[in-house]
Amino acid sequence: MATVNPISQEERFLTAVRDGDVSYVEQVLESKHETGLDINQSDRNGKSALTLAVLQGNLLIIKLLLSHGTRLGDALLRAVDTQFLDAVQLICKHSESLEPEERKAVIGCHPENDDFHPDLTPIVLAAHHNNYLILKTLLKYGAVIPDPDSSDFQRTEKHTLQRSVGTLNVYRALSSGYYISLTAPDPIGHAFTLSSKLGEMSNQEYEFRAEYTELSESVEQYAADILAQARDSDELTSILTHNHSVQPSDENNAKEIALFKVFHAISCEQKKFVAHPHCQQLLIKRFYGKMSFMRDWSLFKQLLLSLVIMLMYPFTSLLYIFLGSGKVMDFVSTPYVKFLMDIASRMTFLVFLLITTIVPPTVTTEEVITGQGDPNQFSQVPLSVIILILLWIIGMTWAEIKAIWKGGVSNYLKDGANVLDFAILALFWSYMVLTLISYFQIQRDTELRVATTVIPGLGSSPVVPPGPSRSVATDSSTVIPATVNLSSEVSLEELKQYITATILDTEAALDGVIRSELDRMLDVLLENLTCGVEATQGPTAAPEPEFDPLHPALVADAVFAIATVVTFLRLLILTVSSQLVGPLQISLGGMLFDIAKFIMVFIIVWFAFSLGLNQIYQAYQEIDLTLCLAEGTEDCRPGPFYDVGQSMLTLFWSLFGLEGLEIIRVNHAKHGFTEAVGTILFALYMMFAVVVMLNALIAMMSNTYTRVEENSDTEWKFARAKMWVHFLHVGGTVPPPFNVIPTRIAITELLSRCYRRCCVPRRNQNGKNKMAEHTYKKIARLLAERYILDHSSSSGGDAENAVSRADVMAIRNDVAVFRYETFKSLNAADQSFENLQDVLGNIKVQLQKVDDIGAKTEQLDTSVKDLKERNRVIRNTVDGMAASLLRSRAGRTLVGH
C-alpha cells in the first residue's frame, strides 16, 4: 500500500492563504512562534503567502501578514498588476515603517520570477495600465520611472531582447497620459519632445517600429487633448505663446508674442496638435492680423484686394524700409501681407525667367564660345535680365542665410520648401559661376588664338614692325613669310598697322600681279584672324564649330534650364494654402517617396536585364556597326544593346512603348537560339517591369493618396500652418530683393536690444520671465487636472455596464470579508451552543432533583389530602357539636324565660 507524504504546515498555510481561510491564517500566525512556521515560505511557483493574498484579492490576509512582518518581495508589483488599489496603498503605507533603503527597494521592486520582464517596476506597470489612482499613490511615495539611458539600462548589452523589450516598456510607461499629467511641469512641451524621441526610436529599434509608432501617435493625441482643455482665449494664448527662452521685455505686448509653442509643434511634426481647432483659431487670427475683416468678404473682393497688395509690393517695401512706422509698419508686418508680398516677389522672379525664354537671344551659344559677336555679351541670357536675376538671387540667399542663422541647420532642413529653395539657389549660383568661368576662358582663348594665328602663304619669320630696313623678296612664291608668330604683346591696332604696311609693301613688290589674286589673299588673311577684326570685302564662310561638349557655357545653359524648371515647380508649394488643391499637392509629395522606393528596386531589375541583353547582342551589333562604317554610311549608330549604357536606355524607353520588336532581332545572321533567348529575356523584363512593378507602384501611390485623403483635413491644416510659419516669425518683412537693404526698424531694434542688454538690469527681465513662467505652469497644471478629470469620468461612463478586474477584486474581497465575519459569527454561535449545552445539562440534573422532589411532594400531597379529609371530618364533627350546643343553649334560654 502506497504511503502518502504528510503535508507540511507551510503548505497548509499557503493553501489556506490561497483559499482565503482567514480564521485559519489568523490562528496559525498567532501561534507561529510555538509551531516554528516560516511565513516567508514560497510555493512551487515561487509565490509567497503575501503574493498569493494579493493575487486572490484578500485584503484581510494581507493586513494579517503585514502585521506579522512578512517579507514584501514583489508583492507591490503584483498588486499593481491586478490593479488592487487597497493593497497598493496598504503596502506603500507599510513601507514607511522600513529603512530608507528598504523602502526604496519595495517601491521600486523588480519581479522575483519570470512572470514579468526583469526591468519592470510597479510605477512602470501602473503607467502601462494608465491607472490614475495607483500612479498617484506610487508617485506620492517617491516612485519614478527610470530613464532609458540610465546606468541601469546601460548594464544590459544593446540590441538584445531584454534591452529592447525593457526600453519599450519604459517608453510605454513614459507615454502614459496620466503619468505625464502628474509629473511634467510642461505637459505639452514634454509630449512634443517625447513624441519626437519615439519617432527616432521607431527608426533605431525597427523591430518594434509598429509599437513605437503607436506610442508616438498616442502622445501626439495627448498633446491635442491637453490643448482641448483650454476654456478661453487668455489660456489659449498663454499656452501657444510660451517659450522659456524668450525675454518678455523684448515684446511690446502679449499680442505680439510669436506662437512659439506652435513653432515647436511644427518642428516636431505634431500634426494633431497643429490641426486642432483651438490652435487653428489662434493661428488664423495671428496670420490675418488686422486684415481679419477680409474673411467676411466675398471671394472676389478678397482676390481683388490681394492682387492690389501684390502689385504694390515694391512701393510698400520701400515705404517700410525708409519710413517703417505707424500704419505702414503695422500693415506690412501683417503675416498675410508678408505672404502676398513674398508671392509677388517670386512671381516677378519667374517673369524674369520667362523673359529669358520668350525674348530671342542676341547671341548664340556658338558665338559665345568662339568669342564672336559683342564681347560684353557672355551668355545667351541678356545682360540686363541677368543683373535683375542676380539681384533676386542675392535677396533670396540672404533670406535663407537669416533662416539658417535663426533656426539652425537641422530645423532648416526639416522643411522640404527650404531644401527646395536651397537647391534653386545652388543651381542659380552655379550658373553664375559657370558663366563667369566661361567668360574668362573665352577671353583667354581669344588672346591665345590671336597670339598663335597662322596666316596661309606666309613664311615662318617672326612678326616685326614695318620699317625701311625690312627687305622684301620679289619672287611671287615667297612674297609673304609662311607663318607669322603674333606675340600676345602686340595690340590690335599694331596688328592692323602691320597688315596695312604688309599689304602696301606687297603691292609695291608685286608689280603687275592681278588685283583679284591680291583680293583673294586678303580674304584668306582676314578669314583666319579671329581677333575681332571684320572683313571689309566680300563674304567669309564660317568654319564648322568644334568645341568641348563640357564647355562651361554649355554646362551653364543646362544648369540654368534645370534651375528654371525647379523654380517654376516651387509654385506647387503655394497651392497648399488652397483647401481645394492643398490635399492633392500633399498626396503628390507623398507619392515622390513611393517613387523613390520603387526606383531603388527597379534599378536592380533594370540593370540585370540590361546586362543580360547586352551580353547576348553586343557581338552582333559590333559587327553591324563595323559593316556600316566600312560601307561609308554617314548615319552609323550603335545598336540598342551595343553596350550596357545603351541597353539601359533602350529598356527604359521600352517601358513607354517607344521601342519596337526589331531591337531584339539578330541582323546578318540566322541564329535562332540567340534570338529566342533575347526575346524571352525581353519579354520577362516587360512582364516584370510593366505588369508587376509598375502596377505595384500604382498601388503604392494609391495607398498614399488614400492615407492622405482619410486624414485630409489634418494633413492640409498642418501643411498650411507649416507654410504660414515662415511669415509668423518676427522679421523677414520685405521680400527679395528689398530685404538686403537695412530698414530703419531693424537698426532701431538692434540699438534698443544692445541698450537693454547693457543698461537694463537683468533682475527686472528675470523677474518678468519667472512671472510668465509661473503663469504658464499654473495654466498647464490646470489643463492637466481637467484632462485627468475628463478622462476619468469618460472612462467610467464608457465602462458603466462593463465589469473590470478591479470590480471583481472588490467583490471578491467583500465576499472574503463577509465570509470571515460570518465564520467568526458561526464560531461565536458554536461557543454559545456549547455553553448552552452545559447549562442544559445542569438544568437536567436539577430537573431530576425536581422530579424526586415531585414524587415526594405527591406523597405529601396524599398525606395532606388525608389530613385535609380528616380535618374536614373533624371540622364537620366540631361544627355539628357546636350547632347542637347552640341549640341546647337556645332551648334553655326559652325555658328560662
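Summary table below
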{"quantity": "So PHE818, is it closer than 30 Å to ARG18 by Cβ, surrounded by 11 or more Cβ atoms within 10 Å (Cβ to Cβ) and modelled with pLDDT under 75", "calculated": "no"}
{"quantity": "Test result for PHE208, assigned to a helix (DSSP H, G or I), assigned by TED's automatic domain parsing to the domain that holds HIS791 and under 27 Å from CYS109 (Cα atoms)", "calculated": "yes"}
{"quantity": "From ASP624, ASP635, residue being of a type in the set (Asp, Glu), farther than 19 Å from ILE599 by Cα and outside any loop (DSSP other than H, G, I, E, B)", "calculated": "ASP624"}
{"quantity": "Qualifying residue in the range 676-692 (condition: surrounded by fewer than 13 Cβ atoms within 10 Å (Cβ to Cβ), touching a helix residue (DSSP H, G or I) at 6+ places or on another chain (Cβ under 9 Å) and farther than 16 Å from VAL605 by Cβ)", "calculated": "no"}
{"quantity": "The range 199-215, subset of a type in the set (Gly, Ala, Ser) and surrounded by 13 or more Cβ atoms within 10 Å (Cβ to Cβ), residue nearest to GLY177 (Cα to Cα)", "calculated": "GLY199"}
{"quantity": "Any hit, the range 587-608, residues being free of Cβ contacts under 8 Å to residues at least 24 places away in the same chain, assigned by TED's automatic domain parsing to the domain that holds TRP716 and surrounded by 14 or more Cβ atoms within 10 Å (Cβ to Cβ)", "calculated": "yes"}
{"quantity": "Residues (modelled with pLDDT of 85 or more and among the hydrophobic types (A, V, I, L, M, F, W, C)) located in the range 639-672", "calculated": "PHE641, VAL644, MET648, LEU649, LEU651, PHE652, TRP653, LEU655"}
{"quantity": "Of the criteria (1) over 16 Å from MET686 (Cβ atoms); (2) surrounded by fewer than 19 Cβ atoms within 10 Å (Cβ to Cβ), which one ASN614 fails", "calculated": "(2)"}
{"quantity": "The listed residue being of a type outside the set (Val, Ile, Thr), within 27 Å of LEU574 (Cβ to Cβ) and without any contact (Cβ under 8 Å) to a residue 40 or more places away in the chain, out of SER702, SER712", "calculated": "SER702"}
{"quantity": "Selected residue (only one of ILE91, ILE145, ILE107 is over 22 Å from LEU50 (Cβ atoms), out of contact with any Asp or Glu (no Cβ under 6 Å at 6 or more places or on another chain), in contact (Cβ under 8 Å) with a residue 24 or more places away in the chain and surrounded by 17 or more Cβ atoms within 10 Å (Cβ to Cβ))", "calculated": "ILE145"}
{"quantity": "Positions within the range 30-44 being aliphatic (A, V, I, L, M) and surrounded by fewer than 21 Cβ atoms within 10 Å (Cβ to Cβ), in sequence order", "calculated": "LEU37"}
{"quantity": "Options PHE293, PHE287; residue that is touching a residue at least 12 places away in the same chain (Cβ under 8 Å) and of a type in the set (Phe, Trp, Tyr)", "calculated": "PHE287"}
{"quantity": "Residue tally, condition under 30 Å from PRO737 (Cβ atoms) and either of a type in the set (Val, Ile, Thr) or in a helix (DSSP H, G or I) (or both), over the range 293-314", "calculated": "13"}
{"quantity": "Extreme residue, surrounded by the fewest Cβ atoms within 10 Å (Cβ to Cβ), among residues of the range 175-198 that are polar (S, T, N, Q) and under 20 Å from LEU789 (Cβ atoms)", "calculated": "THR183"}
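For (1) among the basic types (Lys, Arg); (2) touching a helix residue (DSSP H, G or I) at 6+ places or on another chain (Cβ under 6 Å); (3) surrounded by fewer than 19 Cβ atoms within 10 Å (Cβ to Cβ); (4) farther than 23 Å from GLN270 by Cβ, each residue gets a yes or a no:
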site: LEU661; (1), (2), (3), (4): no, no, yes, yes
site: HIS671; (1), (2), (3), (4): no, no, yes, yes
site: MET700; (1), (2), (3), (4): no, yes, yes, yes
site: ASN703; (1), (2), (3), (4): no, no, yes, yes
site: GLU710; (1), (2), (3), (4): no, no, yes, no
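Okay, residues lined up against (1) modelled with pLDDT of 80 or more; (2) at negative phi; (3) part of a helix (DSSP H, G or I):
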{"position": "VAL708", "(1), (2), (3)": "yes, yes, yes"}
{"position": "THR714", "(1), (2), (3)": "yes, yes, yes"}
{"position": "ALA721", "(1), (2), (3)": "yes, yes, yes"}
{"position": "VAL725", "(1), (2), (3)": "yes, yes, yes"}
{"position": "PRO735", "(1), (2), (3)": "yes, yes, no"}
{"position": "ILE745", "(1), (2), (3)": "no, yes, yes"}
{"position": "ARG756", "(1), (2), (3)": "no, yes, yes"}
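The values are calculated or read from the model by the stated rules, or taken from the named source; none is laboratory data. These numbers were taken from a predicted model, which means no experiment stands behind them. Cβ sites come from the backbone with ideal geometry, for glycine too, and all protein chains shown count toward neighbours.
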